[in-house]
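What follows is calculated from the coordinates using simple rules that are stated; it is not laboratory data. In this text the structure is predicted, and so the values were computed from the model without any measurement. A quick note on method: Cβ atoms are made from the backbone with ideal geometry, for glycine too, and the neighbour counts reach across all protein chains shown.
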Amino acid sequence: MNQHREIQKPQVVTVAVMVLLVLIGGWSGIFMSERFAPGSVLAAPVSLLMLPLAFLLGMQLWRGFAIFMVLGRSRSERLVGGREQHRPGGIPAEATAFIPVSLLFAGLAGLLVGALGAAGLLWTVFCYLGLGLLYGALCWRCASWGLL
């Protein structure tokens, strides 16, 4: 008998979560650009795209890193003789790249917006990094919950 029965979630849930994450990222970027560099022609599109692009790159890196983690686990299990414990049929949740990618994109966008705005460079970068950290953590949690 199969002890681990994989729970199938509808693809519509995954697609809906992905769309929501992209929309939340874009909206929060526009919100930040209006707060730190209102009316800037360059800050708005950079802020709009920073988190959705971080999400897309994070998805690719997350799945790519997962391959190396699974290979590393199987090699170490052969050496030690243990059994692997992970989500059945799933990508390992700890194989995440969302947080560092979101921090990188948000930090770069914060530097640009800070240079264009009047709020001060350090304060703008700090706030953008905070947003990147929150967004990356949200994406990572959605991935670890099996929603992506």
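Figure legend: label point modelled 7 angstrom from the Cα of residue 16 along Cα→Cβ; residues of segment 113-148 with amide N under 17 Å from it are 142-143, 145-148. Here the gap between residue 123 and residue 9, fully extended at 0.36 nm per residue and compared with their Cα-Cα distance, gives a gain of 36.9 nm.
Distance between the 7 Å Cα→Cβ label points at residue 67 and residue 141: 3.0 nm.
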